[in-house]
Amino acid sequence: MTSVDHRDSLLGAHGLTDARDCLISADEPLADLQARCGGRVPGPLAIPELRELVRQTREMGLKLARAFTAFDGEALVTGFARIHPASKAAGGGCEVLVENWQRSMQPTPDGREFAERLDAIDRATAEVSARLDARQRVQVLSALATDALELQAVSLTTPGRVWSELVELKGIAHQQPLHWRLLDGAACRFDGSQRQWRARLIPLGPDLQTPTGFELLLIAEEPLSPAQLAEESGEGGEATPTRLIGSALAPVLRQPVARIIANAETIRARLAGPLREEYSEYAGTIAGAGQHLAAMLDDLADLEVVETPGFSTVRESVDLADAASRAAGILGMRARNSDISLMVSGDRGAAVATAEFRRVLQILINLIGNAIAYSPGGSTVTITAHASDSATGGGGTVTVSVADEGPGVTPEQAERIFDKFERLGRDNNGGRDNGSGLGLYISHRLAAAMDGCLTVERADSGGALFRLELPAA
């Protein structure tokens, strides 16, 4: 709740500017605000909102009267400004009068929503990601950066180790593992990489005091240098064509794009001070465009991986009901913002596949994300995990399906929906962005690499029903 400092409320403030919009005299409240905004008296008017009003008044030669808002670094200042142009004989400046001057503390932003945004930004920026159990032991680790491949290899050859044993933590000498909150944000290094890294631990499960596991993200503090890129690309200094995005462009572009998103979100949420509504919306558009570009980079990098000759996936036991719950949790905020309910059904342990957890999660996130994009407000997306009859005694298959209540697919669309750059084959999605057209193609290739299949048909609700079928563990 906003609190008003009554010592600074219901006051007036008066000031004078010259023909160059310099504040040459000011009452105490206005002089104080000028100083808090980095200016002085006399000196150039440093309060952006008032400076714009003064400029308009001076150039048009007309009186202006309107409400104004400013941020002094600690609190919000509001009032009603009356700007009167002075004659050229009087210096050609303006007289500034602010009535009903009030200074109030900024309300605390929604911490949970902002934290979820930061988590999403870190996920988009991370070049190493892993899934940990409740005791911080690595279950599966995947590296996108070439200088982290050695770390990935070590995690595969020595499974079940605590993640902090695989890296060198900076400034932390206590016996491991520590409580996850003490390790979240820690700086680290590891063999094979010359870069500094930052670790993020995102707890999984409904109770943050006793998480059921963790999502580990390693985010590089700087991109690969041109010399490192040239060294990795070979003696000719040119990146291998089949891995141009994943090994060359993505590491260089990922961090700048993430910074654009983070700065735009900060502006949009008005965390740096008050902002007019249209500028806040504009910042939101910038953040959305940055997120789209980050997703495009991920899709192109994944495309190179799945089309690499000999591409294969890790073989591990994957509980499809657990994977479905985690995917739905990751996309929960997006669904709520679109007024869509996500319903997950299936008993834990009843449908366990032999597959790679990270790739199954990637497929489910893509399928659920598409279902949200193509579903009308107020509808439900249903995710169901179950085993076939033949899987109960060993062998057979297990299945996880995603059904929406959108426009559905025709048989003709179903034939081409998994083609490269095909934008779902559905034209009516409420004008929302269709993405890169690579998500379903990549998901189809990933399913095949895990000896499974991904199919689509019309759901009983009239929407689309995507079914991922995998070998049973």
Q. If we sort 368-376, 412-420 on the protection proxy, mean other Cβ atoms within 10 Å, highest first, what's the order?
A. 368-376, 412-420
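What value in Å³ per residue do you get for the convex hull of the alpha-carbon atoms in the range 316-471?
Working: hull volume 15.7 nm³, N = 156.
Per residue, the Cα convex hull of the range 316-471 comes to 101 Å³.
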Q) At ASP184 and GLU316, where each label point lies 7 Å from the Cα along Cα→Cβ, what is the point-to-point distance in nanometres? A) 2.2 nm
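Below 8 Å between Cα atoms, with a sequence gap of 6+, how large is the relative contact order for the range 316-471 in percent? Mind dumping the intermediate values first?
On the way: 336 pairs, mean separation 37.1, N = 156.
In percent, rounded to a whole number, it is 24.
Take the Cβ-Cβ distance between ALA65 and THR308 as r, set R0 to 51 Å, and report the resulting FRET efficiency rounded to the nearest 0.05.
On the way: r = 66 Å, r/R0 = 1.30.
The formula returns an efficiency of 0.15 here.
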Q: Just need the Rg to Rh number for the range 109-221, please, alpha carbons only, Kirkwood Rh.
A: 0.95
Q.
As an exercise, take the mean of 1/r over every pair of distinct alpha carbons in the range 23-89, invert it, and state the Kirkwood radius in angstroms.
A. 12.5 Å
Q) Once amide H atoms are built 1.01 Å from N in the peptide plane, which residues 5 or more positions from VAL128, or in another chain, come under 5 Å H to H? A) LEU144, LEU218
Q. Whole-Hz Karplus ³J(HN,Hα) for the range 344-361, in order, using 6.51 cos²θ - 1.76 cosθ + 1.60 and θ = phi - 60°, x for Gly and Pro?
A. 10, 10, x, 7, 4, x, 7, 10, 10, 9, 9, 6, 10, 4, 4, 6, 4, 4
Q: Normalise the Debye intensity by I(0) for the range 137-203, one equal point scatterer per Cα, no solvent, then take log10 at q = 0.18, 0.26, 0.28 Å⁻¹ and round to two decimals.
A: -0.67, -1.38, -1.49
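Bear in mind that the values in this text are calculations on the coordinates, not laboratory data. Quick caveat, the model's predicted, so the values are computed rather than measured. FYI the Cβ positions are ideal-geometry reconstructions off the backbone, even for glycines, and counts take in every protein chain you see.
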